[in-house]
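Asks: Provided herewith is a single structure, encoded as structure tokens, for subsequent inquiry.
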Amino acid sequence: MTHGPLAGVTVVALEQAISAPMCTRTLGDFGARVIKVEHPGGGDFARYYDDVVGGLAAHFVWVNRGKESVALDLKQPDGMAVLHRLLDRADVLVSNLAPGATAKLGISPADLAASHPGLIPVEIDGYGPGGPLSHKRAYDLLVQAESGACSVTGHPGAPAKPGPPMADACTGLYAALSVMALLYGKGRGQAPAPVAVSLFDTMAELMGYPLTYTRHSGVEQQPLGMSSPAVSPYGAYPTADGHTVVLGTTNDREWQRLARELLERPDLAEDPRFATNSGRVEHRPVLDEAIGAWCAGHDLAYVQKRADAAGIGNARYNTAKDVLAHPQLAARDRWREIDTPSGPVPALLPPPVIAGFDPPMGAIPALGAHTDAVLAELGLTEAQIAALRERGVVR
């Protein structure tokens, strides 16, 4: 499996920002070839969010490794002709353009079913077709707000957006999962089918617990910062040495161990108010006060050692700087060096560990870095490529 389970699969990407690039980077991590088609006038606008990675944007570096950049103006007929030649050789087309953009370009799923019947078209959008919000632009924060995710994050009266771009990233992962399922089906003789994944549908799915709870109880649970309305005790507690420990229980047996072995408080273990999770949730402030007082009297290392001995889930609250130096990542050799137009930078390996397969971890492409090579592969001569460049069709 040295070339990856998706070796031989070609993905063409008309993508911007995070959602579609996360999809195609994931496919590339499994060995697919990803050809990123960008406008010659600037390309993916995520290239310019910031310049902290040696002049490159952090978001762009995160989700665009290993891709080939072809700078192609699709508003010109010659540009569309080149795209169709690319699609003749491709297995998948992934796009997250503005609503209706693929139809205007003549490459909607219905168009592609006629012109490229073997292709799997994947469209990522904000709200999905056929609804009152289908026409709207959708960014990660907007969809997190619309889907209710912000209302269950933060604190009562102080909602917050979850830090990572959950709507974008998870939509990209659902899209990649769909592509893999359809490629598997295609290998078994099933006809390719178009895929549509919306950010809103993805976030509604991730809201499964609060939506189910509210539907059947009529109660909208309030956010609890670094805790959960579903279980107790479950939260973050400052320690004597200025750190924060996170402790969690998920069942009655764990609660008994926490009370008796960690806190050495048999009175809490025997208190009927705390016999069930529902009771512990109801009386959460009492438990948080007791646990907080105990943690405040001990250093983090002592708390974690005692918690491990008692079989209680625990973690240290870390910042981004802490995670960059995290011993778990170092001990498991999770960092690799990837090339960029500004020089090599560290990057994390993708989460799946597949025996016998090393993810390719390819370079971050400069805009149009692969235009000439890919067009030559399609059969265009140097003179033809030069003529396209002179007319602004390619860069």
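Rule-based calculations on the coordinates, nothing more; no lab input. It should be emphasised that the depicted structure is a prediction, and the values quoted were computed from it without experimental measurement. All Cβ positions, even for glycine, are placed from backbone atoms using ideal geometry, and neighbour counts span all protein chains on display.
Asks: Can you tell which of Arg85, Arg215, Arg280 shows the greatest fluctuation in a Gaussian network model of the chain with Cα springs below 10 Å?
Replies: Arg215
Asks: Can you give me the long-range amide H partners of Thr244? Hydrogens built in the peptide plane at 1.01 Å from N, cutoff under 5 Å, separation of 5 or more residues or another chain.
Replies: The answer is Thr239, Tyr317.
Asks: Considering the alpha-carbon set of segment 187-243 alone, what are its Rg and its Dmax in angstrom?
Replies: 19.7, 63
Asks: Over segment 1-159, what number does the Rg to Rh ratio reach, with both radii from the alpha-carbon atoms and Rh per Kirkwood? Walk me through the numbers on the way to the answer.
Replies: On the way: Rg = 17.2 Å, Rh = 17.1 Å.
The Rg/Rh ratio comes out at 1.01.
Asks: Restricting attention to segment 167-270, which GluC sites (Glu not before Pro) occupy a DSSP loop and are surrounded by at most 15 other Cβ atoms within 10 Å? Present the calculation step by step, with values, prior to reporting the outcome.
Replies: On the way: sites: Glu205, Glu220, Glu254, Glu261, Glu264, Glu270; in loops: Glu220, Glu264.
Loop-located and lightly packed - Glu220, Glu264.
Asks: Among Ser342, Pro327, Gln304, which residue has its Cα positioned farthest towards the positive end of the charge dipole of segment 252-382, with +1 placed on the Cβ of Lys and Arg, -1 on the Cβ of Asp and Glu, and the dipole taken about the Cα centre?
Replies: Checked the options; the winner is Gln304.
Asks: How much of the calculated P(r) for segment 328-385 lies past 16 Å, in percent of all Cα pairs? Please list the in-between numbers first.
Replies: On the way: 1007 of 1653 pairs.
Pairs farther apart than 16 Å: 61 percent.
Asks: Sequence-distant or interchain residues sharing an amide H contact under 5 Å with Val122, placed H: which?
Replies: Result for Val122 returns Leu93, Val94, Ser95, Val195.
Asks: Among Ala176, Ala230, Ala20, which one shows the biggest mean-square fluctuation in a GNM of the chain, springs joining Cα atoms closer than 10 Å?
Replies: Result for the chain, Cα springs under 10 Å: Ala230 fluctuates most.
Asks: Based on the Cβ-Cβ distance of Leu173 and Glu270, what FRET efficiency does E = 1/(1 + (r/R0)^6) give at R0 = 45 Å, to the nearest 0.05?
Replies: Values: r = 45 Å, r/R0 = 1.01.
Between Leu173 and Glu270 the formula returns 0.50.
Asks: Find how many whole Å separate the alpha carbon centroid of segment 139-196 from the alpha carbon centroid of segment 15-83.
Replies: So the two Cα centres are separated by 19 Å.
Asks: Quote the Stokes-Einstein diffusion coefficient, in whole µm² s⁻¹, for segment 109-169, based on the Kirkwood radius over alpha carbon pairs, a temperature of 4 °C and a viscosity of 1.567 mPa s.
Replies: On the way: Rh = 13.9 Å.
Answer, rounded: 93 µm²/s.
Asks: May I ask you to evaluate 6.51 cos²θ - 1.76 cosθ + 1.60, the Karplus curve with θ = phi - 60°, for each residue of segment 213-221 and list the ³J(HN,Hα) values in order in whole Hz, giving x for glycine and proline?
Replies: Each residue's phi maps through the Karplus curve to give 4, 5, 4, 9, 10, x, 9, 8, 5 Hz.
Asks: So what is Rg over Rh here for segment 234-316, counting just Cα atoms and using Kirkwood for Rh?
Replies: Numbers: Rg = 11.7 Å, Rh = 12.5 Å.
Expressed as Rg/Rh, it is 0.94.
Asks: Which residue fluctuates the most in the chain, going by a Gaussian network model with Cα springs under 10 Å, if the choices are Asp288, Asp125, Asp29?
Replies: Taking springs between Cα atoms under 10 Å, the residue moving most is Asp288.
Asks: A follow-up question, please. What nm value, rounded to one decimal, do you get for the distance between Arg332 and Tyr209 when each label is placed 7 Å out toward the C-beta?
Replies: Calculated label separation equals 2.1 nm.
Asks: Would you pull out the residues with amide H under 5 Å of Val53's amide H, same chain only if 5 or more places away, H placed 1.01 Å from N?
Replies: HN-HN under 5 Å from Val53: Ala58.
Asks: Helix-only mean residue ellipticity at 222 nm, the chain, DSSP H runs n ≥ 4 weighted -39,500 (n - 2.57), per residue, nearest 500. What is it? Intermediate results must be reported in sequence, preceding the final value.
Replies: Working: 18 runs with 155 residues, N = 395.
It lands at -11000 deg cm²/dmol.
Asks: Two decimals is fine: what is log10 I(q)/I(0) at q = 0.10, 0.15 Å⁻¹ for the chain, from a Debye sum with one equal scatterer on every Cα and no solvent?
Replies: -0.80, -1.34
Asks: Each residue of segment 247-254 in order: what ³J(HN,Hα) in whole Hz does its phi give by Karplus 6.51 cos²θ - 1.76 cosθ + 1.60, θ = phi - 60°, with x for Gly and Pro?
Replies: Values per residue, Gly and Pro as x: 10, x, 10, 10, 7, 5, 5, 5 Hz.
Asks: Which ³J(HN,Hα) values, rounded to whole Hz and listed in residue order, are derived for segment 278-287 from phi using the Karplus coefficients 6.51, -1.76 and 1.60 in 6.51 cos²θ - 1.76 cosθ + 1.60 with θ = phi - 60°, glycine and proline given as x?
Replies: After applying 6.51 cos²θ - 1.76 cosθ + 1.60, I find 4, x, 5, 5, 4, 10, 3, x, 5, 5 Hz.
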